[in-house]
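The next block holds one structure in the form of structure tokens; read it before the comments.
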Amino acid sequence: MADAHRSARDRMLATIIAETRQCAFLTGRGQLSPAVLAAIGDIPRHFFVPPEHQEWAYENIPLPIGAGQTISQPFIVALMSDLLQPQADHTVLEIGTGSGYQAAILSLLVRQVYSVERIPILAEQARRRLEAMHIQNVAVKIDDGHHGWPEHAPFDAILVTAAAACLPPALLQQLKPGGRLVIPVGLPGQTQDLQFIEKDERGRIKTHSLLSVAFVPLIESRSLRNPE
């Protein structure tokens, strides 16, 4: 597509690369994979941001997307994507579709993305955006993310884009042996911990604590409805 935002995306990529180096002592990653950086460079972030915030779409900041939710800071999107070590034959579960931006990034890196969103209006908007971009390897459903998507388990990797008070057991169960799970853990209004979790071939779990983050909460819903 014609790309009037290419230079802005290039500046955003330069910022992500610089922040990756600055945070290497926390994350253990001095650089991100070329595939992840290419995906970040190819997906137009402004397409996933409401019109009133589009002038800041390529700044390295989170932005509101409605319904009390946000699109994550580009550096965090890139880091979380890279931590999954995505491969072309992978099937990935995303909890928290939001605007659809993270799912769009993953769609360029893996075979199939299954994404769960509890807020119906956001799920439908994300579906429309992904369809408009002719992205066909992302499926979105409306549900409580604590349950994962058992019909398509096990997953090579799982990415959670909202902060859980603790790791939902269903997600760990749905992760393949040898898989990776990335999730912010903590309470709203408090320091949250970005964790990446490895499940070895015997099912043993190793948790790595990386850096402090701020995410909207992962809410357990008894009923699903549009917010007022």
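Points worth noting:
- Residue match in region 217-225 (condition: out of contact with any Pro (no Cβ under 8 Å at 6 or more places or on another chain), free of Cβ contacts under 8 Å to residues at least 40 places away in the same chain and not aromatic (Phe, Trp, Tyr)): yes
- Of the residues making up region 141-155, those that are in contact with a strand residue (DSSP E or B) (Cβ under 7 Å, 6 or more places away or on another chain), assigned to a loop (DSSP other than H, G, I, E, B) and over 30 Å from PRO51 (Cα atoms) are GLY148, TRP149, PRO154.
- The listed residues are ARG111, ARG127, and the only one of them that is more than 25 Å from ASP82 (Cβ to Cβ), modelled with pLDDT of 95 or more and either crowded, with 16+ Cβ neighbours inside 10 Å or more than 15 Å from the chain's Cα centre (by Cα) (or both) turns out to be ARG127.
Results for (1) in a strand (DSSP E or B); (2) within 13 Å of ILE95 (Cβ to Cβ), shown as yes or no for each residue.
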| site | (1), (2) |
| --- | --- |
| LEU109 | no, no |
| ILE121 | no, no |
| ARG127 | no, no |
| ALA139 | yes, no |
| ALA157 | yes, yes |
| LEU172 | no, yes |
| LEU181 | yes, yes |
| GLY189 | no, no |
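This table checks each residue for (1) out of contact with any His (no Cβ under 9 Å at 6 or more places or on another chain); (2) of a type outside the set (S, T, N, Q).
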residue: TYR58; (1), (2): no, yes
residue: SER107; (1), (2): yes, no
residue: ILE121; (1), (2): yes, yes
residue: GLU124; (1), (2): yes, yes
residue: ARG128; (1), (2): yes, yes
residue: ILE135; (1), (2): yes, yes
residue: LYS141; (1), (2): yes, yes
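- Here VAL138 fulfils each of the conditions (1) within 12 Å of the chain's Cα centre (by Cα); (2) under 15 Å from ALA157 (Cβ atoms); (3) free of Cβ contacts under 8 Å to residues at least 60 places away in the same chain apart from (1).
Let's see how each residue does on (1) of a type outside the set (A, V, I, L, M); (2) over 22 Å from GLU131 (Cα atoms); (3) free of Cβ contacts under 8 Å to residues at least 60 places away in the same chain; (4) surrounded by 17 or more Cβ atoms within 10 Å (Cβ to Cβ):
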| position | (1), (2), (3), (4) |
| --- | --- |
| ASP10 | yes, yes, yes, no |
| LEU13 | no, yes, yes, yes |
| ILE16 | no, yes, no, yes |
| GLN22 | yes, yes, yes, no |
| ALA39 | no, no, no, yes |
| ASP82 | yes, yes, yes, yes |
| LEU93 | no, no, no, yes |
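- Hey, SER115 polar (S, T, N, Q), free of Cβ contacts under 8 Å to residues at least 60 places away in the same chain and closer than 12 Å to ILE95 by Cβ or not: yes
- Out of GLU198, GLU131, sole residue that is in a helix (DSSP H, G or I), acidic (Asp, Glu) and without any contact (Cβ under 8 Å) to a residue 24 or more places away in the chain: GLU131
- Scanning region 169-194 for residues that are modelled with pLDDT of 95 or more and more than 17 Å from SER209 (Cβ to Cβ) yields a total of 10.
- Screening GLU220 with (1) in contact with a His (Cβ under 8 Å, 6 or more places away or on another chain); (2) surrounded by fewer than 16 Cβ atoms within 10 Å (Cβ to Cβ); (3) not in a loop (DSSP other than H, G, I, E, B) gives one miss only, at (3).
- If you go through region 119-140 and keep only what is out of contact with any strand residue (DSSP E or B) (no Cβ under 7 Å at 6 or more places or on another chain) and of a type in the set (Lys, Arg), you end up with ARG128, ARG129.
- Scanning region 57-78 for residues that are assigned to a helix (DSSP H, G or I) and either touching a residue at least 60 places away in the same chain (Cβ under 8 Å) or touching a strand residue (DSSP E or B) at 6+ places or on another chain (Cβ under 6 Å) (or both) turns up PRO74, PHE75, ILE76, ALA78.
The values are calculated or read from the model by the stated rules, or taken from the named source; none is laboratory data. This is a predicted model, so every value here is computed, not measured. Please note: Cβ atoms are built from the backbone with ideal geometry, for glycine as well, and neighbour counts cover all protein chains shown.
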